[in-house]
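The values are calculated or read from the model by the stated rules, or taken from the named source; none is laboratory data. Predicted model only: the values in this text are computed from it and were never measured. All Cβ positions, glycine included, derive from the backbone under ideal geometry; neighbour counts span all protein chains shown.
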Amino acid sequence: MRKVAKERAVEPAGKKSTESSDRFLGVGLCVRCHQDEGEQWKTTAHSVAFQTLVDNKKDATPECVTCHVVGYRQPGGFQGQADAAKLGNVQCENCHGMGTQHEAFANPQKTVTQAVCTTCHQGENDPEFNWEKKLPMIAHSNMSGETLKHRKGAMQKTGSN
Ligand code: HEC
Ligand code: HEC
Ligand code: HEC
Ligand code: HEC
């Protein structure tokens, strides 16, 4: 029962199960069942990563978009502006993988590793990334909102929303 419900729910509405290619599905689907993780995610900077590009007028710049959205130019992923509402920001699937592979998520070999973070937290975009220090800041048990605090302050200073 549980397995069937799970499989059914991670399938996007209107798509036939015969279509087997893996793809991204978007956070809207995940939070139907994982409400707590969804609420916590909203307290992290990942949930506003696309807005950051909008604020900097770089939301149409491919070199920037790639790390600030879900699956840029990949199956089911962000292709362009029209996908911003559903696939903008760094979401669940950036860390856990394509939603169609959900059955494998609980497999210990599929846990989120440091290598997942450093696909984005690397080079000039984050030269000093420190896994031990940064992981607790976004862990699902952390509701402190610490990764958004500096941002709110900055926005108040500049007077933009
Ligand atoms: C129909 C409800 C449902 C939907 C929709 C759903 N999940 Fe799940 N998910 C579950 C259930 C049930 C489990 C199994 C939990 C367990 O075994 O402890 C699970 C397990 C997981 C796990 C592994 C947890 C662990 O114990 O390691 C992750 C990660 C996860 N889901 C992420 C996602 C993401 C990301 C999405 C959106 C693409 C998603 N889920 C969509 C119900 C759902
Ligand atoms: C798809 C790219 C991507 C992945 C994968 C990713 N991040 Fe991020 N992360 C970002 C972006 C972009 C921001 C900046 C968001 C903003 O403020 O607009 C960010 C911000 C953060 C911040 C707050 C800023 C800082 O550096 O203190 C932390 C902490 C963080 N991420 C930790 C992690 C950890 C830990 C992982 C892996 C478990 C991870 N991230 C995976 C792109 C990513
Ligand atoms: C390789 C992935 C990657 C690319 C490409 C990328 N970013 Fe980011 N960006 C990140 C990560 C990771 C963070 C969070 C780390 C940090 O803040 O030090 C971040 C943080 C930011 C922040 C700070 C957000 C805040 O409120 O603190 C801004 C602004 C930003 N990026 C804009 C851009 C722009 C503009 C571009 C294109 C020129 C770009 N990014 C390209 C990964 C990337
Ligand atoms: C920045 C990376 C990142 C993002 C974004 C992220 N997670 Fe996770 N998630 C993790 C890590 C790390 C764990 C700890 C277990 C592991 O290593 O897989 C985890 C664990 C989980 C679990 C297992 C139970 C728990 O709470 O620890 C579920 C379910 C889950 N995530 C769902 C989600 C959903 C749903 C979203 C989006 C709303 C999401 N995650 C976004 C990194 C992330």
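Observations on the model:
- Residue match in the stretch 120-129 (condition: at pLDDT 95 or above, among the hydrophobic types (A, V, I, L, M, F, W, C) and within 15 Å of the chain's Cα centre (by Cα)): yes
- Any hit, the stretch 42-62, residues being in contact with a Gly (Cβ under 8 Å, 6 or more places away or on another chain) and aromatic (F, W, Y): yes
- Restricting attention to the stretch 100-110, the residues that are outside any helix (DSSP H, G or I) and exposed (fewer than 11 other Cβ atoms within 10 Å of the Cβ) total 2.
- Condition check for C67: in contact with a His (Cβ under 8 Å, 6 or more places away or on another chain), in contact (Cβ under 8 Å) with a residue 12 or more places away in the chain and not hydroxyl-bearing (S, T, Y): no
- Filtered by the rule that a residue be farther than 18 Å from T44 by Cβ, under 15 Å from the mean Cα position of the chain (by Cα), more than 16 Å from ligand 3 (Cβ to nearest atom) and assigned to a helix (DSSP H, G or I), the stretch 70-99 gives D83, A85, K86, G99.
- Pairs, first under 20 Å from G97 (Cα atoms) and hydroxyl-bearing (S, T, Y) in the stretch 115-138, second surrounded by 10 or more Cβ atoms within 10 Å (Cβ to Cβ) and at pLDDT 95 or above, C-beta under 7 Å, six or more apart: T118/F129
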